[in-house]
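These notes are about the structure you will find just below.
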Amino acid sequence: MYRFKQLTVAMRFMILGLCVTLVLVSCGEKEYFVESGKVGDITWKLTQNGTLIISGKGEMPDSERPWLDFQSSINAVIIESGVTTIGTSAFSGFSSLTEATIPNSITAIGRGAFSGCSSLAVVNFNAIDCAAMGGMSSMAGSSYVYSVFGGCNNLTTVNIGNEVKTIPAYAFYGLESLTSITIPNSVEFIEERAFYNCSGLTSITIPSSVKYIGNDAFLGCRNLTSIDVDANNNAFGSDNGILFHKYKSEKTILILCPMAKTGVYNIPNSVVGIFDYAFLDCRGLTSLTIGNSVEVIGIGAFLGCSGLTSITIGNSVEHIGESAFAGCSSLTSITIPNSVISMGWNIFRACVSLSEIINQRAIPQAIDEYVFYDNGINKTAGTCRFGRCLQSRRSVERFWKYSSNRIINY
């Protein structure tokens with residue numbers, strides 16, 4: 001009987017201890033948020049483990065950052081659904097921040113919201129239709145780009161949510177540390193310069209849902225070897241890792257060749273136009289054939305293709321944009337077909353090895369002297385060959401005979 005009472009007393013103490021523990025845990029939960037506050041309709045709380053949680057309805061004020069005093073303790077930011085904007089420089093310079101979560105309700109992110117977050121490694125991007133996120137501005141007559149993630153040099157992972165419809169302009173501009181990206185099948189719009197200069201990317205896959213890709217969306221990604229498009233995409237297609245716009249299932253406009261593309265490439269015969277800067281700095285390309293269906297070669301289309309030694313221009317090309325072949329320093333000879341009506345300025349600028357231009361048009365195109373600026377035709381006794389000219393205007397002849405060059409009928 002005595003032992004039974006002892007056991008009962010012991011059990012009571014155990015139960016009492018358990019209750020005390022539960023009370024302490026409960027107290028711990030109450031103390032879980034070490035700091036908190038409110039700005040307008042936005043509430044913020046900082047947990048003991050360094051997570052800043054921002055909740056509420058509506059816009060985050062631009063001018064107030066009450067969590068700034070605790071920035072050295074913040075290693076994660078979670079913005080909950082309901083918040084519609086992220087303020088300018090909201091978390092700028094938070095050097096301890098490693099992960100940020102952006103909710104589906106965000107419609108705009110202010111300038112430099114996460115700029116200078118040198119430890120930021122992961123961004124969970126769930127904004128469905130974010131309309132503003134970085135861009136161009138000007139000061140004292142000079143233009144510059146402002147980026148949401150400028151200076152985030154360790155940002156390697158961006159997880160795009162499965163509800164996202166729009167990847168905003170300049171969204172991930174200049175993120176050289178970004179090594180891979182998965183674009184979910186919910187995305188319909190990839191706005192201009194969204195991944196501009198993301199030099200760590202080596203490949204990109206465009207899902208069937210994408211309807212629009214803005215200018216220069218993937219330009220400057222110098223290690224990019226392929227852009228592949230889902231076969232069920234109605235607006236875009238790919239051939240050998242090169243991105244095209246489609247019309248009635250045909251690849252009609254060549255949009256972009258990945259900068260790390262190498263070797264020989266023949267442009268498909270369905271293509272009618274080559275987009276501006278389509279082959280910018282594709283230094284590994286050695287030979288290129290432009291099919292007979294192409295009518296327009298865009299501005300700077302082959303700018304900086306320093307490894308290109310041979311290029312064949314099809315006989316339907318009518319317009320060659322300015323600087324189209326500028327910087328093709330290995331090119332020694334080029335033939336311009338009879339179909340070409342106009343050529344922009346600087347098209348052969350810095351083609352230092354170019355010593356022969358064969359122009360098949362009987363009456364030469366009107367050009368300006370800068371066509372030959374700083375190239376082999378200008379610096380050597382280069383040759384411009386024309387079709388048999390019955391007559392030629394003095395102004396045309398003067399520029400085509402720029403410097404000591406010769407015009408030879410053949």
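Just so you know, all these numbers are worked out from the coordinates, no wet-lab data involved. Nothing here was measured: the structure is a model prediction, and the numbers come from that model. With ideal geometry, Cβ positions are generated from the backbone for all residues, glycine too; neighbour counts draw on all protein chains shown.
Model label sites at Glu99 and Ala132, defined 7 Å from Cα along the beta-carbon direction, differ in position by 3.0 nm. Place a point 7 Å from Cα of Asn49 in the direction of its Cβ. Which residues in the range 97-117 have their backbone N less than 18 Å from it? Under cut-off, by backbone N: 97-102. Pairs from the table (Lys165/Lys246; Lys38/Lys211; Lys211/Lys261; Lys57/Lys211) lying more than 29 angstrom apart at Cα are Lys38/Lys211; Lys57/Lys211. Residue ranges 57-63, 111-117, 75-81 sort as 111-117, 75-81, 57-63 when ordered by packing (mean number of other C-beta atoms within 10 Å per residue, highest first). Quick check for you: which residues of the range 100-119 have the amide N under 19 Å from the point 7 Å beyond the Cα of Val145 toward its beta carbon? Answer for the range 100-119: 109-118.
The residues neighbouring Ile78, those whose beta-carbon lies less than 11 Å from its own, together hold a net charge of -1 under the Lys/Arg +1, Asp/Glu -1 convention.
Classify the range 33-174: rounded, prolate or oblate, from the alpha-carbon gyration tensor (a ≥ b ≥ c, eigenvalue square roots; a/c under 1.5 rounded; otherwise prolate if a/b is larger than b/c)? Rounded.
Between Asn266 and Thr156, the simple spin-label model (points 7 angstrom out along Cα→Cβ) gives 4.2 nm.
Each Lys or Arg adds one and each Asp or Glu takes one away; over the other residues whose Cβ falls under 9 Å from the Cβ of Thr166, this sums to -2. With both labels modelled 7 Å from their Cα along Cα-to-Cβ, the Glu318 to Thr335 distance reads 2.3 nm. With a Förster radius of 45 Å applied to the beta-carbon distance between Ser118 and Asn240, the computed FRET efficiency rounds to 0.70.
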